[in-house]
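Student: There's a structure below that I have some questions on.
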Amino acid sequence: MLGVFYPQLTLLPYAVAGLLLKNDVDGIYIGMAFYTFLSMINMYIITRKLKRSTIQSLLTAISYGFCTYRFINAFSRFALGEYIGMTFIPLALYGLYAVMKGERRDWPYLALGLSFTLLSHIISTFLCLCLLVIIFAVCFKGIFDKERLNSLLLSIVFFFLCSAIFIVPFLEQLTFKKYNQPSPTFMPHFAQNLSTLILNSNSNLTSAFQVSNWWELANIGFILLVALIWGIFNYRKLDEIDKFLIITGSLLFLMSTSIFPWTLGMRTPLRIIQFPFRLLELDSILLSPIFGTMIVKTSKNLKLSNSKLIILGILFVIMPWYSGVKNLILLQKNQSNNFFNSKVYSSKSKNMTYWWLDQYTPKMTKKSFNSVVYHYAYVNNKKVVLQKLNPISNGIIIKPEMSI
């Protein structure tokens, strides 16, 4: 159960909002808004740290906060761990880059960014570490500086201290219990074609009902696809950082498809990510700064004022995002197999692993899991099946149908 055993302390904003508003649904939306805002703040800060202009940093932050892959994680897949993890990965990536380039005071970005990612989602932490290894390899010369090495070691120590609430209990339990990977998959079966990824990104799809297979929904969205193509054609005009972002972003884009030999990848640690499309998580982070660069450089050619530049950039981001939101709402409401229409909670639903809820259930309550799934209850000491379901705001009304 390695992929799901972790204390999601980063879920506290959702819980607190739900308690204060006395409405779990509103609490979830507040939590989504909070992490979207925090993601934009984090991206803005590190982009400014990379010596980008205020406008370019603002556009980068907006493009990342409203990027399609984050939206899919939040509302289409409801992958909260991955969604929250994307908030902190940029901090960790910048932190290592800063340390390797001699910005010694910025070492906390690495420690805190990686720690909060770990407390959100283990698979995202693994992906973040993979990218950190690449950054370390590219900037390897910096390790020979004693002060930079000290800052790196300090970051590692501080990371372990910040993450001790998870690491210590987990290591302790490993001494007497084995944890397996949840839902192991044969990844070649879940690798979409390159043409499919390009077309779905171009269409900015947000609902699984718009694709043949649910895993084909994952895409980087229209604006980041445009940024990727623009970056490739304008590669020579980019600075060192943007060149790295384009090269790495392009490779990850290709690796998330069937072009990459995932049959061989199954023999590597990459198999724990379950689905190739998870690489688009990192891709969205890397390509967002390219969007900011693209808009700024294009505006210079068009000689636009700063106000027009900001309006143009925001419209370019918000219009596809808004279209995706409206499509998702329309398509979800017209389906019977969703929580809105309560079919998942009906006794007709025999799939006890729907949304893999059994994997997130503590072992001690496993004995009662079937009773919850099949809606068994005790009324006046008599076992009954709850079948009549009426969804309401922040709850569901259930009535007994028959005794057992």
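The values are calculated or read from the model by the stated rules, or taken from the named source; none is laboratory data. Keep in mind that this is a model prediction, so the values were computed, not measured. Glycine also receives a Cβ, built like all others from the backbone with ideal geometry; neighbour counts cover every protein chain displayed. We work out accessible area using only protein heavy atoms, side chains counted, and drop any ligands, DNA or RNA first. Shrake-Rupley method; radii C 1.70, N 1.55, O 1.52, S 1.80 Å.
Student: Of the residues 96, 112, which single one is in a helix (DSSP H, G or I) and within 20 Å of the chain's Cα centre (by Cα)? Explain how you work it out, then say what you get.
Tutor: Working: 96 fails: within 20 Å of the chain's Cα centre (by Cα).
Residue meeting the stated conditions: 112.
Student: Testing residue 279 on (1) touching a Ser or Thr at 6+ places or on another chain (Cβ under 7 Å); (2) within 25 Å of residue 314 (Cβ to Cβ); (3) buried (at least 21 other Cβ atoms within 10 Å of the Cβ), one condition comes back false. Which one is that?
Tutor: Result: residue 279 fails condition (2) only.
Student: Kindly establish whether residue 72 is among the hydrophobic types (A, V, I, L, M, F, W, C), buried (at least 22 other Cβ atoms within 10 Å of the Cβ), touching a residue at least 60 places away in the same chain (Cβ under 8 Å) and part of a helix (DSSP H, G or I). Working first, answer last.
Tutor: Details: among the hydrophobic types (A, V, I, L, M, F, W, C): yes; buried (at least 22 other Cβ atoms within 10 Å of the Cβ): yes; touching a residue at least 60 places away in the same chain (Cβ under 8 Å): yes; part of a helix (DSSP H, G or I): yes.
Against the criterion (among the hydrophobic types (A, V, I, L, M, F, W, C), buried (at least 22 other Cβ atoms within 10 Å of the Cβ), touching a residue at least 60 places away in the same chain (Cβ under 8 Å) and part of a helix (DSSP H, G or I)), residue 72 qualifies.
Student: For the range 321-342, does any single residue satisfy the condition of being among the hydroxyl-bearing types (Ser, Thr, Tyr) and either modelled with pLDDT of 80 or more or assigned to a strand (DSSP E or B) (or both)?
Tutor: Quick first cut of the range 321-342, residues among the hydroxyl-bearing types (Ser, Thr, Tyr) only: 322-323, 336, 342.
Right, trim to either modelled with pLDDT of 80 or more or assigned to a strand (DSSP E or B) (or both) and you get 322-323.
Scanning the range 321-342, I find at least one residue that is among the hydroxyl-bearing types (Ser, Thr, Tyr) and either modelled with pLDDT of 80 or more or assigned to a strand (DSSP E or B) (or both), so the answer is yes.
Student: Looking only at the range 131-152, which residues are over 13 Å from residue 96 (Cβ atoms) and either part of a helix (DSSP H, G or I) or small (Gly, Ala, Ser) (or both)?
Tutor: Initially, the range 131-152 is screened for residues over 13 Å from residue 96 (Cβ atoms), giving 141, 144-147, 150.
Result: 141, 144, 146, 147, 150.
Student: For residue 44, work out the one condition from (1) assigned to a helix (DSSP H, G or I); (2) of a type outside the set (S, T, N, Q); (3) farther than 18 Å from residue 317 by Cα; (4) open to solvent by 20 Å² or more (accessible area, probe 1.4 Å) it doesn't fulfil.
Tutor: Going through the list (1) assigned to a helix (DSSP H, G or I); (2) of a type outside the set (S, T, N, Q); (3) farther than 18 Å from residue 317 by Cα; (4) open to solvent by 20 Å² or more (accessible area, probe 1.4 Å), residue 44 breaks only (3).
Student: Can you tell me which residue among 296, 317 is assigned to a helix (DSSP H, G or I), within 19 Å of residue 48 (Cβ to Cβ) and more than 23 Å from the chain's Cα centre (by Cα)? So that I can check it myself, show each step before the final result.
Tutor: Working: 317 fails: more than 23 Å from the chain's Cα centre (by Cα).
So the residue among 296, 317 that is assigned to a helix (DSSP H, G or I), within 19 Å of residue 48 (Cβ to Cβ) and more than 23 Å from the chain's Cα centre (by Cα) is 296.
Student: Out of all the residues in the range 254-262, is one or more crowded, with 17+ Cβ neighbours inside 10 Å and within 30 Å of residue 330 (Cβ to Cβ)?
Tutor: yes
Student: Of all the residues that make up the range 189-209, how many are in contact (Cβ under 8 Å) with a residue 40 or more places away in the chain and open to solvent by 70 Å² or more (accessible area, probe 1.4 Å)?
Tutor: Count: 2.
Student: Then there's this: State which residue pairs qualify: first residue under 24 Å from residue 88 (Cβ atoms) and inside the range 17-37, second residue open to solvent by 60 Å² or more (accessible area, probe 1.4 Å) and among the β-branched types (Val, Ile, Thr) in any location, beta carbons under 7 Å apart, and separation of 6 or more residues or different chains.
Tutor: 17/30
Student: Please determine whether any residue of the range 83-96 is open to solvent by 30 Å² or more (accessible area, probe 1.4 Å) and not acidic (Asp, Glu). I'd like the intermediate steps shown before the answer.
Tutor: Quick first cut of the range 83-96, residues open to solvent by 30 Å² or more (accessible area, probe 1.4 Å) only: none.
No; the residues of the range 83-96 include none that is open to solvent by 30 Å² or more (accessible area, probe 1.4 Å) and not acidic (Asp, Glu).
Student: Which fully enclosed helices (runs of 4 or more DSSP H) of the range 194-276 have 1 or more residues being within 23 Å of residue 63 (Cα to Cα) and touching a helix residue (DSSP H, G or I) at 6+ places or on another chain (Cβ under 7 Å)?
Tutor: On the way: elements: 194-203, 222-233, 240-255, 262-265.
Result: 194-203, 222-233, 240-255.
Student: Tell me, which residue of the range 295-337 that is small (Gly, Ala, Ser) and under 30 Å from residue 78 (Cα atoms) is surrounded by the fewest Cβ atoms within 10 Å (Cβ to Cβ)?
Tutor: Within the range 295-337, the first condition is being small (Gly, Ala, Ser), and the residues that meet it are 299, 305, 307, 313, 323-324, 336.
Still in the running and under 30 Å from residue 78 (Cα atoms): 313, 323-324, 336.
Numbers: 313: 25, 323: 14, 324: 24, 336: 10.
Top of the filtered list is 336.
Student: What are the residue pairs meeting all of these: first residue in the range 375-404, first residue at pLDDT below 75, second residue open to solvent by 60 Å² or more (accessible area, probe 1.4 Å) and aromatic (Phe, Trp, Tyr), Cβ atoms under 8 Å, and 6 or more apart or on different chains?
Tutor: Hits for this filter: 375/345; 389/345; 391/339; 391/340; 396/345; 404/376.
Student: Tally the residues that are surrounded by 14 or more Cβ atoms within 10 Å (Cβ to Cβ) and closer than 25 Å to residue 271 by Cα, restricting the search to the range 161-188.
Tutor: Residues in the range 161-188 being surrounded by 14 or more Cβ atoms within 10 Å (Cβ to Cβ) and closer than 25 Å to residue 271 by Cα: 9 in total.
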